[in-house]
Amino acid sequence: MLITGASYGIGESLAYKLAATGAHLILIARTEKKLSLIKKDIEAQGGTATIFPTDLTKTEQVEQLSVQLLALPSSIDIVINNAGKSIRRPVKESLDRFHDFTRTIGVNYLGPVQLILSLIPVLEQNKGHIINVSAINVLLAPAPHWAAYQASKSAFDQWFRSVSPELQLAGIATTSVYLPLVRTRMIAPTPAYDNMPAMSAEHVARIICKCIINRNRSYAPWWLIFGQLGSVIFRKPWERLSTYYLKRNSNKDNA
């Protein structure tokens, strides 16, 4: 079982949750030191883990990872695409920060696509399962300041949903997990989220475990349908309200 973004947050909680199941956990993240600590803890609990420090934005590192994964004695049957990068920044503050967009799309879209493409033959052979940890934002009206994040998450969501019928025809189950706000270090740089309700990483880990068992095509909060309807019906008012909100805050800052 392969988990990307396994060093912190949802990925870390999921790794510990699965440690006692007897699964061979393949943990992927950039931080080798943290991965080593998690591996040590899992093995202390009687579990098995192999770590591969990898930066998904680096094409050559993903290529090397793919070679190493395909050479493992135990074959891969489940892939949990959890790695993600979030950036909240006004576009005028991004004029000289194109790297924000390239890095975000590398982690959230291009890297996972490259990795999964290399694993499809193995997953087909094992009648495997791919679970994508997504966000409800990709199904709702876009919000200002989140262009890099929402574009990259939406790109992978569209790609994954597009290839899902082909993967299912090949015997590979697919699951999209749409999450609201989750309390992890990824949202810590955004003070506006400090007092907002959020799911815990442990709660999300339990949801993913259920998805592994039931292989449903998607998971989403029951109330998301109302947000989706509102995004369609009230699109123009939302866009006007967003512009008004930005203008009001700009006037406050200039006062």
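The values are calculated or read from the model by the stated rules, or taken from the named source; none is laboratory data. Treat the numbers as computed from the prediction; the structure is a model and nothing was measured. With ideal geometry, Cβ positions are generated from the backbone for all residues, glycine too; neighbour counts draw on all protein chains shown.
Ala83: under 18 Å from the mean Cα position of the chain (by Cα), farther than 29 Å from Val232 by Cβ and crowded, with 20+ Cβ neighbours inside 10 Å, yes or no?
Yes, satisfied.
Would you be able to say whether some residue in the stretch 151-174 is over 22 Å from Ile80 (Cβ atoms) and within 15 Å of the chain's Cα centre (by Cα)?
Looking through the stretch 151-174, at least one residue is over 22 Å from Ile80 (Cβ atoms) and within 15 Å of the chain's Cα centre (by Cα).
Within 14 Å of the chain's Cα centre (by Cα) and in contact (Cβ under 8 Å) with a residue 60 or more places away in the chain: which single residue out of Thr184, Thr190 fits that description?
After ruling out the rest, the residue left standing is Thr184.
For the stretch 159-178, which residues satisfy the criterion of being in contact with a helix residue (DSSP H, G or I) (Cβ under 8 Å, 6 or more places away or on another chain), closer than 25 Å to Phe234 by Cβ and surrounded by fewer than 20 Cβ atoms within 10 Å (Cβ to Cβ)?
Selection gives Tyr178 alone.
Would you confirm whether or not the stretch 18-25 contains a residue that is in the same structural domain as Ser152 (by TED's automatic domain parsing) and over 19 Å from Arg206 (Cβ atoms)?
So far as the stretch 18-25 goes, yes, one or more of its residues are in the same structural domain as Ser152 (by TED's automatic domain parsing) and over 19 Å from Arg206 (Cβ atoms).
I'd like the full set of residues that are surrounded by fewer than 14 Cβ atoms within 10 Å (Cβ to Cβ) and either modelled with pLDDT under 95 or closer than 18 Å to Val79 by Cβ (or both), limited to the stretch 44-60.
Result: Ala44, Gln45, Gly46.
Could you tell me which of the residues Ala19, Ala6 is among the hydrophobic types (A, V, I, L, M, F, W, C) and over 21 Å from Leu110 (Cα atoms)?
Ala19
Given the conditions (1) farther than 22 Å from Ser7 by Cα; (2) hydrophobic (A, V, I, L, M, F, W, C); (3) part of a loop (DSSP other than H, G, I, E, B), report the number of the one that Phe160 does not fulfil.
Phe160 satisfies every listed condition except (3).
Give me the residue from the stretch 75-98 that is acidic (Asp, Glu) and without any contact (Cβ under 8 Å) to a residue 12 or more places away in the chain and, out of that set, farthest from Arg185 (Cα to Cα).
Result: Asp96.
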